[in-house]
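The values are calculated or read from the model by the stated rules, or taken from the named source; none is laboratory data. Since the structure is predicted, the reported quantities are computational estimates derived from the model, not experimental observations. Counting neighbours? That spans all protein chains shown, and the Cβs are built from the backbone with ideal geometry, glycine included.
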Ligand SMILES: [Zn+2]
């Protein structure tokens, strides 16, 4: 009994601290000229998508690092499509895949102010399906459901991304080819040996400008191991923007306000706090033992 009471006290203290932090972050967001949300795979984990780099089901392994490159795609397109694309992205084609409460709350949060922006590393398209406005969304790593000619720089007909290619015979080694020049098609996603500037669809310049202008940068479900997060942190340090981390794990650096928990739990609470500010926390009595 005593142990259970102890757990209750710890839980109540955690919730009070979390409420106070949520309130503080909501105040910053309300007062900010521009808020930028930098999103990683952790947001889509509650939807059933495996994280790339952390957690027990992470697919960040040799398959991804050795095969997820343009060099491999150009050298062995059939093997690349079969081994890397089908191997690491099979989840994305699942029909039961759906946005979670975190995606929906984030769509509400960003819609509060037309200047705010979501920069997502996720290629799963769940932001758009949760009702995010395209004008407030930068898919910095691309989209799994857009394809482009690998020779697009010199292929007159292949510059524009298209949204349908025949992937039904990948297992047999039949890859999609450009209707204009017959070069292999590729998904419009950023590969590990490519720069954000490699295709205008990644909107790198827009992302950088938004980060430079942000008063508050909210990281959501990211492991801080890819380029855009380093860029965002550097920019926030330079401009003295407030930094918030919504994740099951703490950020690996100081001066961050932590909202620890699953994004699917924390973001709806943050959105509620912004819609209905809490009364003064000091008037709430502490939980009795
Ligand atoms: Zn082409």
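Regarding segment 214-231, can at least one residue be identified that is assigned by TED's automatic domain parsing to the domain that holds residue 111 and more than 27 Å from residue 22 (Cβ to Cβ)?
Checked segment 214-231: at least one residue is assigned by TED's automatic domain parsing to the domain that holds residue 111 and more than 27 Å from residue 22 (Cβ to Cβ).
Can residue 159 be described as modelled with pLDDT under 90 and more than 8 Å from the ligand (Cβ to nearest atom)?
Taking the combined requirement at face value, the residue satisfies it.
Go through (1) surrounded by 16 or more Cβ atoms within 10 Å (Cβ to Cβ); (2) in contact with a helix residue (DSSP H, G or I) (Cβ under 6 Å, 6 or more places away or on another chain); (3) at pLDDT below 95 for residue 63 and report which single condition fails.
(1)
Hey, can you tell me all the residues within segment 171-200 that are within 16 Å of the ligand (Cβ to nearest atom) and within 20 Å of residue 88 (Cβ to Cβ)?
Result: 175, 176, 184, 185, 186, 187, 188, 199.
With respect to the numbered conditions (1) surrounded by 15 or more Cβ atoms within 10 Å (Cβ to Cβ); (2) not assigned by TED's automatic domain parsing to the domain that holds residue 231, which one is the sole condition not fulfilled by residue 107?
(2)
If residue 239 meets every condition in (1) in contact with a helix residue (DSSP H, G or I) (Cβ under 7 Å, 6 or more places away or on another chain); (2) touching a residue at least 40 places away in the same chain (Cβ under 8 Å) apart from one, which number is that one?
For residue 239, the failing item is (2).
Could you run through segment 60-95 and say how many residues are assigned to a loop (DSSP other than H, G, I, E, B) and in contact (Cβ under 8 Å) with a residue 40 or more places away in the chain?
3
Condition check: in a loop (DSSP other than H, G, I, E, B), touching a residue at least 12 places away in the same chain (Cβ under 8 Å) and touching a strand residue (DSSP E or B) at 6+ places or on another chain (Cβ under 8 Å). Does residue 193 satisfy that?
no
Go through 120, 150 for me and flag whichever is touching a helix residue (DSSP H, G or I) at 6+ places or on another chain (Cβ under 9 Å) and within 16 Å of the ligand (Cβ to nearest atom).
When all the criteria are applied, what remains is 150.
On the basis of being on the phi > 0 side of the Ramachandran plot, within 16 Å of the ligand (Cβ to nearest atom) and either exposed (fewer than 15 other Cβ atoms within 10 Å of the Cβ) or within 21 Å of the chain's Cα centre (by Cα) (or both), does residue 164 make the cut?
Criteria not met by residue 164.
What pairs come out if I take residues in segment 139-166 that are within 21 Å of residue 227 (Cβ to Cβ) and free of Cβ contacts under 8 Å to residues at least 12 places away in the same chain and pair them with residues that are more than 11 Å from the ligand (Cβ to nearest atom) and in a strand (DSSP E or B) whose C-beta lies under 7 Å away, six or more apart or interchain?
none
Take the residues in segment 187-200 that are buried (at least 16 other Cβ atoms within 10 Å of the Cβ) and at pLDDT 90 or above, then tell me which one is nearest to residue 227 (Cα to Cα).
Result: 196.
For residue 271, are the conditions met, namely being surrounded by 17 or more Cβ atoms within 10 Å (Cβ to Cβ), touching a helix residue (DSSP H, G or I) at 6+ places or on another chain (Cβ under 9 Å), modelled with pLDDT of 95 or more and assigned by TED's automatic domain parsing to the domain that holds residue 44?
Yes; evaluated as a whole, the condition is true for this residue.
Considering segment 83-94 alone, what residues qualify as being under 15 Å from residue 184 (Cβ atoms) and buried (at least 18 other Cβ atoms within 10 Å of the Cβ)?
84, 85
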